[in-house]
Amino acid sequence: MSDTSIISEIQTNHKAVAFTFDDGPNPIYTPQVLEIFKEVSGRATFFMIGKHMLNHPELVSQVTEQMHEIGNHTYSHPKLTELSSTECAEEILTTDKIIKELTGTKPKTFRPPFIDYNNETVSMVKKLDYHMISGVNFEATDWEMPGVDHIVTKTRNQVRNGSIFLFHDGFGDRSQTIEAVRFLATELTSQGYQLVTVSELISLKNK
């Protein structure tokens, strides 16, 4: 993207990609994602909603213990551009605090709900020393449940060194996403790709 305030992929010579999952943690689907990545010895990044983290702290612990990354996805998943600057700050800062309290680690990454942001959001993200993250496979539209084949094909079209893939493990039926991710994670691993966290991928920039 030409917008340098948000990252959708990393320029790297390493054969590595990052799978990301929004809107969890979810007691049905998050454990299935964890199982997939355990099977392929990969890592993922979970952009979690603060109120869901408070509802399912045991899942936050599982994700952390298995060395995956947790990123900030606001407290209640609003469109940030429709909020006042105070409300926007509260959404982000509250979840920053929750992540630190539940994991013992400050988050390094942030994804705005609906990839909706403005200059105030960018300013807040910079103050918190976050990387703001998007993705390359929007045509997969996994949130619309378009079918497993659609999700796989549209994501596969965006596979290259440094790709960041956007999926969902929360809000509604995510069974298609799970099946598609299981296939993609296995396929990419067999092709020699490392499945890494977003922060790990960023550390490989220009290397």
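The values are calculated or read from the model by the stated rules, or taken from the named source; none is laboratory data. Source: prediction; values computed, not measured. Here Cβ is always computed from backbone atoms with ideal geometry, including for glycine, and neighbour counts include all displayed protein chains. Surface accessibility is based on the protein's heavy atoms, side chains included, excluding ligands, DNA and RNA. Shrake-Rupley method; radii C 1.70, N 1.55, O 1.52, S 1.80 Å.
Results, tabulated for the structure shown:
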{"item": "Test: Arg182 is out of contact with any Ser or Thr (no Cβ under 9 Å at 6 or more places or on another chain), crowded, with 17+ Cβ neighbours inside 10 Å and of a type in the set (Lys, Arg)", "result": "yes"}
{"item": "Single residue of region 133-149 satisfying the filter (within 22 Å of Thr197 (Cβ to Cβ) and of a type in the set (Val, Ile, Thr)) that is most open to solvent (accessible area, probe 1.4 Å)", "result": "Val136"}
{"item": "Some residue of region 154-161 being of a type in the set (A, V, I, L, M) and outside any loop (DSSP other than H, G, I, E, B)", "result": "no"}
{"item": "Residue among Thr20, Thr4, Thr12, Thr103 that is β-branched (Val, Ile, Thr) and modelled with pLDDT under 95", "result": "Thr4"}
{"item": "Unique match (being within 17 Å of Thr74 (Cα to Cα) and either among the hydroxyl-bearing types (Ser, Thr, Tyr) or crowded, with 17+ Cβ neighbours inside 10 Å (or both)) among Tyr193, Tyr130", "result": "Tyr130"}
{"item": "Check on Ser123, open to solvent by less than 70 Å² (accessible area, probe 1.4 Å) and free of Cβ contacts under 8 Å to residues at least 12 places away in the same chain", "result": "yes"}
{"item": "Pairs, first touching a residue at least 40 places away in the same chain (Cβ under 8 Å) and hydrophobic (A, V, I, L, M, F, W, C) in region 69-95, second exposed (fewer than 14 other Cβ atoms within 10 Å of the Cβ) and assigned to a loop (DSSP other than H, G, I, E, B), C-beta under 7 Å, six or more apart", "result": "Leu80/Asp116"}
{"item": "Tally of residues being in a helix (DSSP H, G or I), open to solvent by 30 Å² or more (accessible area, probe 1.4 Å) and at negative phi across region 95-120", "result": "7"}
{"item": "Residue within region 164-175 that is of a type in the set (S, T, N, Q), in contact with an Asp or Glu (Cβ under 9 Å, 6 or more places away or on another chain) and not in a strand (DSSP E or B) present", "result": "no"}
{"item": "Residues that are part of a helix (DSSP H, G or I), more than 16 Å from Thr45 (Cα to Cα) and small (Gly, Ala, Ser), drawn from region 183-197", "result": "Ser190"}
